[in-house]
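Engineer: I'd like to ask some things about the structure below.
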Amino acid sequence: MKSDFLSLTAIYTRMIFRSWFQYKVDALLRSFAVFMREATAIIVIYFTLLKFDSLNGWNIYEMLFLFSLVYVTYGILIIFFTGLRDFGQTVRTGGFDRYLLRPRGLLYQLIFSNADWFAAVGHGGLGILLFILSAAKIGVVWTPLRVVYYIFTIAGGVLIQGAIFLFLAALNIYLLETNTLKEVFYWNMRKFAGYPISIFHKAIQFCMTFIVPFAFVNYFPAQFLLRKDDMASYPSFFMYITPLVGIVMYILAYLFWNYSIKYYKSSGN
């Protein structure tokens, strides 16, 4: 059974990769276009922040480190969760009905049957570049313990965002259209996540910590490495629990998904 699972996953991966990169030059240009689209925003922020010594105690390289965590985690996330990101369209067109007829788990099919490699390469490449540019400038000695912490933080950040996508996908069962909710609770919150949450109003800080916890994707992990003064406003254990937050959120989202799928009704034609 295990070998069959791995074999099918490998087949899915090869098919997706060949499909996305069938035309290699076009694939590279599209990935580069994603990279440049996101990099342009970072360049604007970079030159804007050059006018200031710091933003609430965070210098430009520490800010770039925050952004690097956002982009690296999304680059990994979108390899596995493209099917959930685009689940609304799958439901509206009736494409989800095909998954119901196949002898495999629904979530497994959604995760492994599609991957947005253009976004993965573009976002992930930018995240790695920002990490390289900032990691040597933020005064962190990269001990083995800190490297392990960073790896687990990345995994936790991917699970947190994956749980958000999974929860919104489950809502599609009831609402059919959740693009507005996705815009508000994911894309807009992700824009805030590039900055220290301490610069925002308390309501936004609460939302980013307890409702859509992007603060655990980059801000609190960065505090473990940087120990900035504004961390005094939050419990110190927040710096250590990103993987736990990711696991708990994903389990809750998975339970909600399993409950919601019982009420699915085809909307295709």
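Engineer: Please give the FRET efficiency for A155 paired with Y46, using the beta carbon to beta carbon distance and R0 = 41 Å, rounded to the nearest 0.05.
Structural biologist: On the way: r = 28 Å, r/R0 = 0.68.
The computed FRET efficiency comes out at 0.90.
Engineer: Sequence gap at least 6, Cα distance under 8 Å: using those rules, report the relative contact order of the range 113-269 to the nearest whole percent. All intermediate terms of the calculation are to be shown ahead of the outcome.
Structural biologist: Values: 121 pairs, mean separation 56.2, N = 157.
Worked out over the range 113-269, it gives 36 percent.
Engineer: Within 13 Å, Cβ to Cβ, of G124, how many net charges do the neighbouring residues add up to if Lys/Arg are +1 and Asp/Glu are -1? Present the calculation step by step, with values, prior to reporting the outcome.
Structural biologist: Details: positive: none; negative: E38, D116.
Neighbourhood net charge equals -2.
Engineer: Inverting the mean 1/r over all pairs of different Cα atoms, compute the Kirkwood radius of the range 65-161 and quote it in Å. Before the final figure, lay out each step's value.
Structural biologist: On the way: mean 1/r = 0.0664 Å⁻¹.
The Cα-based Kirkwood calculation yields 15.1 Å.
Engineer: Might you report the magnitude of the Cβ-based charge dipole of the chain about its Cα centre, with Lys and Arg at +1 and Asp and Glu at -1, to the nearest 20 debye?
Structural biologist: Working: 22 positive and 12 negative charges, 99 e Å.
I would put it at about 480 debye.
Engineer: So what is the accessible area of the chain per residue, in Å², with the probe set to 1.4 Å? If you can, show how the numbers build up before the last one.
Structural biologist: On the way: 13930 Å² over 269 residues.
I get 52 Å² per residue for the chain.
Engineer: For the chain, which whole percent of the accessible surface, found with a 1.4 angstrom probe, sits on carbon and sulfur atoms? Provide the component values of the computation, followed by the final result.
Structural biologist: Working: 9510 of 13930 Å².
Here it works out to 68 percent.
Engineer: Report the full-extension gain for the segment N258 to K137: residue separation times 0.36 nm, less the Cα-Cα distance, to one decimal in nm. Don't skip to the end; give the middle numbers.
Structural biologist: Values: separation 121, 0.36 × 121 = 43.56 nm, distance 4.52 nm.
Using 0.36 nm per residue and subtracting the Cα-Cα distance, I get 39.0 nm.
Engineer: Probe 1.4 Å, all protein chains in place: accessible area of S198 in Å², nearest 10?
Structural biologist: Accessible area of S198: about 30 Å².
Engineer: Trypsin sites (Lys or Arg not before Pro), restricted to the range 148-235: which are DSSP loop and have at most 13 other Cβ atoms within 10 Å?
Structural biologist: Values: sites: K182, R190, K191, K202, R227, K228; in loops: R227, K228.
Passing sites in the range 148-235 are R227.
Engineer: Given the range 131-269, what whole percent of its Cα pairs are spread farther than 20 Å?
Structural biologist: Numbers: 5023 of 9591 pairs.
For the range 131-269, the share of Cα pairs beyond 20 Å comes to 52 percent.
Engineer: While we're here: Based on the Kirkwood radius over alpha-carbon pairs, what is the Stokes-Einstein translational diffusion coefficient of the chain at 37 °C with 0.692 mPa s viscosity, in µm²/s?
Structural biologist: 166 µm²/s
Engineer: Please identify which residues in the range 229-251 have an amide N closer than 17 Å to a label point set 7 Å out from the Cα of V147, following the Cα→Cβ vector.
Structural biologist: Counting only backbone N, you get no residues.
Engineer: Moving to a separate point now. Leaving ligands, DNA and RNA out of it, rank I160, I251 by accessible area with a 1.4 Å probe, largest first.
Structural biologist: Numbers: I160 0, I251 90 Å².
My answer, sorted largest first, is I251, I160.
The values are calculated or read from the model by the stated rules, or taken from the named source; none is laboratory data. Fair warning: this is a prediction, and the values are worked out from it, not measured in the lab. Ideal geometry is used to build each Cβ from the backbone, glycine not excepted, and the neighbour counts take in all protein chains shown. SASA here: full protein model, heavy atoms, side chains in, ligands and nucleic acids out. Shrake-Rupley method; radii C 1.70, N 1.55, O 1.52, S 1.80 Å.
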